[in-house]
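The values are calculated or read from the model by the stated rules, or taken from the named source; none is laboratory data. Not measured: the values here are computed from a predicted model. Cβ placement follows ideal geometry from the backbone for every residue including glycine, while neighbour counts extend to all protein chains displayed. The accessibility values were calculated without ligands, DNA or RNA, using every heavy atom of the protein model including side chains. Shrake-Rupley method; radii C 1.70, N 1.55, O 1.52, S 1.80 Å.
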Amino acid sequence: MARVFADSGHEVDVFEKRSHIAGNCYDEYDQHGVLIHKYGPHYFRTDSEILLEYLSRFARWRSASYHVQAMIDGELVPLPISLSTLTTLTGRVFNEQELALYLQNARVGIGTSVEGQFEPKNAEEQCLVRFGTEIYQKFFLHYTAKQWGILPKDLSPSVTARIPLRYNFDQRYPEEKYQVLPSDGLTAMFKRMLFHPKIQVKINTIVGSEEIAALKLKYSLIFYTGPIDQYFNCVYGQLSYRSLYFEWKNFSFPYLWPCVQINYPNEHPYTRCVEIKHATGQLISSTTVCYEHPVRYCQDSTTEPYYPMLTQDNLQLLERYNVMVDEESVGSTPVHFVGRLAEYRYYNMDQILLKAYNLANMLV
Ligand SMILES: Cc1cc2nc3c(=O)[nH]c(=O)nc-3n(C[C@H](O)[C@H](O)[C@H](O)COP(=O)(O)OP(=O)(O)OC[C@H]3O[C@@H](n4cnc5c(N)ncnc54)[C@H](O)[C@@H]3O)c2cc1C
């Protein structure tokens, strides 16, 4: 958004509370010289040629390999659930019809709408309806419980609705047509995007609810990307988030694992181990892996708000804040709430980049 406005001749100030740009997409070289994704792995993928073309002004690309496996009963099994998964799990080759038949027998019907479609009320029902009990218990039940700190039956079905299912042997985790990364990293791409005479970036600068009135006097338009509840001083109460603790380990050999991500649904306190070198393609003799431990987010601690917790209570609270968001979008200095925290909604990078790009072009 800053770049679109600057290219149209507007002066833009960007305030960032952290000591660096690029938000959660930030990557950096660790002390061993390995390029790591500091806030969890960021696998860039998109179907949008418009977005790719725009970003290509700031990046050269490399094809990235996003393969994920899960440790199930002591064996590495490909994800997402596909013919490869069932073949590895059972030891016999599955074809399309056999997977369809397996799922047809395994699926648990829960509630039926007037149209005759299953209407899952929560994430557990969502998984049971799509995959049946065996796959749900082996792959999703404990993983989801670890990830969110609550059982799938207490989460919105939208949390697990994004889990892909494939009737082929394709083992790339995402579905999108373009699976790439900037060849010199994500931060470098955002740095070039912000490098413009009309853009001033102020890092280590928190915009709190107290600052907003003064900012409204100075600027003609504001985009807010922080947590929605904190903007309103949490007047209706706090929205909850899931946070992560990242445990890093370096090994003095080129690779630890066969692919970028290993999920551990059923053992260990961490959910997954990420070896980002598989995606960045960096040529270096050592490797750094990251174990992701889900933890509770607490506003007054060092934890970061990563994932909105889509529970009934939070969604109701969000509705109340959204009424105030609508009121902020009008007036002499409209404030637009954009992004994962400001909208309390999970976005992939390409989704939020495209949304920001379109919104900026509409308002510029
Ligand atoms: C663990 C994890 C893994 C992910 N993996 C992927 C992936 O593989 N692929 C993918 O496409 N997407 C992934 N994402 C999603 C990706 O991070 C988001 O799509 C993207 O970062 C959203 O951008 P954003 O601007 O909405 O939020 P953010 O990147 O969070 O940026 C918001 C910025 O605002 C700053 N800020 C917040 N409050 C204030 C304030 N009051 N004052 C000043 N600054 C403030 C924050 O410090 C932050 O830098 C992942 C996210 C997480 C958490």
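Which three semi-axes in whole Å describe the equivalent ellipsoid of the chain, each the square root of 5 times a Cα gyration tensor eigenvalue, listed largest first? Mind dumping the intermediate values first?
Working: eigenvalues 259, 141, 77 Å².
They are 36, 27, 20 Å, listed largest first.
Which of the peptides 321-332, 17-28 is most tightly packed, and how do the rest follow, going by the mean number of other Cβ atoms within 10 Å of each residue?
For the peptides 321-332, 17-28, the packing ranking is 17-28, 321-332.
Over 29 Å between C-alpha atoms is what I'm after, so list which of Lys121/Lys146; Lys121/Lys277; Lys38/Lys153 land there. Spell out each step's value before the answer.
On the way: Lys121/Lys146 20 Å; Lys121/Lys277 39 Å; Lys38/Lys153 31 Å.
From Lys121/Lys146; Lys121/Lys277; Lys38/Lys153, over 29 Å: Lys121/Lys277; Lys38/Lys153.
Simple spin-label model, 7 Å along Cα-to-Cβ: Ile206 to Cys298 in nm?
Result: 1.6 nm between the two label points.
For segment 80-161, would you read off the P(r) tail past 20 Å as a percentage of all alpha carbon pairs?
Taking all Cα-Cα pairs of segment 80-161, the fraction more than 20 Å apart is 36 percent.
Taking just the alpha carbons, could you work out the radius of gyration and Dmax for segment 179-226, both in angstroms?
Gyration radius and largest Cα-Cα distance of segment 179-226: 14.7, 43 Å.
Can you tell me which of 236-242, 273-279, 208-214 comes out highest on packing, and rank the rest after it, using the mean Cβ neighbours within 10 Å?
Highest-to-lowest ranking by the protection proxy: 273-279, 236-242, 208-214.
Can you tell me which aspartates and glutamates have their Cα less than 13 Å from the Cα of Lys249? Leave out same-chain residues fewer than eight positions away.
List returned: Asp30, Glu275, Glu292.
Collect residues whose amide H, placed 1.01 Å from N in the peptide plane, falls under 5 Å from the amide H of Trp61; neighbours closer than 5 in sequence don't count.
The list, which skips near neighbours in sequence, is Ser183.
Give me a comma-separated list of calculated 3J(HN,Hα) values for segment 197-208, in order, Karplus coefficients 6.51, -1.76, 1.60 applied at θ = phi - 60°, integers in Hz, x for any Gly or Pro.
So the Karplus estimates, Gly and Pro as x, are x, 9, 10, 10, 9, 10, 7, 6, 10, 8, 9, x Hz.
Put +1 on the Cβ of every Lys and Arg and -1 on every Asp and Glu Cβ in segment 80-161; which of Gly91, Cys127, Ala106 then has its Cα farthest towards the positive end of the dipole?
Farthest towards the positive pole: Gly91.
What is the gain in length, in nm to one decimal, between Arg345 and Ser183 on full extension, counting 0.36 nm per residue of separation less the C-alpha to C-alpha distance?
Gain on extension, Arg345 to Ser183, equals 55.4 nm.
Spelling out what I want: for every residue of segment 57-68, take phi, set θ = phi - 60°, compute 6.51 cos²θ - 1.76 cosθ + 1.60 (Karplus), and round to whole Hz; glycine and proline get x.
Going residue by residue, I get 5, 10, 8, 9, 10, 10, 5, 10, 9, 9, 10, 10 Hz, with x marking Gly and Pro.
Sorted from largest to smallest, which semi-axis lengths in Å does the alpha carbon gyration tensor of segment 263-364 give for its equivalent ellipsoid, taking the root of 5 times each eigenvalue?
Largest first, segment 263-364 gives 34, 22, 11 Å.
Percent of accessible area on the chain owned by carbon and sulfur, 1.4 Å probe?
With neighbouring chains kept in place, the figure for the chain is 52 percent.
Could you tell me the calculated FRET efficiency between Leu217 and Arg18, based on Cβ-Cβ distance and R0 = 30 angstrom, to the nearest 0.05?
The computed FRET efficiency comes out at 0.70.
Along each of the three principal axes of the Cα atoms of segment 145-197, give the extent in whole Å, ordering the values from largest to smallest.
Projected onto the principal axes, the Cα atoms of segment 145-197 cover 51, 32, 17 Å.
Determine the gain in length on full extension of the stretch Val323-Glu96; use 0.36 nm per residue of separation and subtract their C-alpha separation, reporting nm with one decimal.
Taking 0.36 nm per residue and subtracting the Cα distance, the gain is 77.0 nm.
For the pair Thr333 and Gln282, how long in nm is the line joining their label points, each one 7 Å along Cα→Cβ?
It works out to 4.0 nm between the two label points.
Connecting C-alpha atoms closer than 10 Å in a GNM of the chain, tell me which of Arg296, Arg62, Arg92 has the biggest fluctuation.
Arg92
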